[in-house]
């Protein structure tokens, strides 16, 4: 399955004018954001926004709240997100009727600050496909099943672990950690989260893995 096949599959989720939501999941560093951004860019072309990218990361709890809950050392784990709020936003996006002129604003995540930002992601009323991505879309605990119920399909990004870890170390260093701290976080918190996400792989509708020079998918 080529990237063009993925584009066609994503486009086919919208039927009879109804808005659809595609979820992209996978372990930290697996390429979820890259795939989502490429899909949205190609689907939109030069016209009005037909697709919109709404990341899960905007639902990170703020550091002050993580401190209050004693969860700062586990930032990025499932219980450090507002999963119920995320599900509610997806429900609102799905319910928006064709012909509405309302822009819906979703929260974003500022990597430099490592903090969520309210109202940072505008979703135009012309968007018929919402592409959302995050680690825990297929989790069966807490409020995460509510998220899955709002998604038409979920694709799982799979990537060789060594390459995934290399990307994560580089990302953490880019945003302020020294090398040793980045490696420790990747092999500690990130790996625990990755193991949890990997266990949900079998519940995906499609598994997509990188095989340069093109993306290839396999059920």
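The values are calculated or read from the model by the stated rules, or taken from the named source; none is laboratory data. Being a predicted model, the structure only gives us computed values, none of them experimental. Note: ideal-geometry Cβ built from the backbone for every residue, glycine included; neighbour counts use all protein chains shown.
In the stretch 198-217, the qualifying residues are those that are modelled with pLDDT under 90 and within 16 Å of the chain's Cα centre (by Cα), and the one that is nearest to residue 8 (Cα to Cα) is 209. Highlighted here are the strands (runs of 3 or more DSSP E) found entirely within the stretch 47-131 that include at least 3 residues which are more than 22 Å from residue 17 (Cβ to Cβ): 104-110, 115-123.
Where residues in the stretch 132-144 are outside any loop (DSSP other than H, G, I, E, B) and touching a strand residue (DSSP E or B) at 6+ places or on another chain (Cβ under 7 Å), which of them is farthest from residue 191 (Cα to Cα)? Applying the filter and picking the extreme gives 132. One residue alone among 107, 116 is modelled with pLDDT of 95 or more and under 23 Å from residue 172 (Cβ atoms), and that residue is 107.
Just checking, does the stretch 25-37 include any residue being outside any helix (DSSP H, G or I), modelled with pLDDT of 95 or more, surrounded by 20 or more Cβ atoms within 10 Å (Cβ to Cβ) and under 15 Å from the mean Cα position of the chain (by Cα)? Checked against the condition, which is being outside any helix (DSSP H, G or I), modelled with pLDDT of 95 or more, surrounded by 20 or more Cβ atoms within 10 Å (Cβ to Cβ) and under 15 Å from the mean Cα position of the chain (by Cα), the stretch 25-37 yields at least one hit. Does residue 193 satisfy being more than 30 Å from residue 18 (Cα to Cα) and at pLDDT below 75? So residue 193 fails the test.
Please specify each residue of the stretch 20-49 satisfying the condition of being farther than 26 Å from residue 78 by Cβ, in contact with a strand residue (DSSP E or B) (Cβ under 7 Å, 6 or more places away or on another chain) and touching a residue at least 12 places away in the same chain (Cβ under 8 Å). Listed by number, the list holds a single entry, 43.
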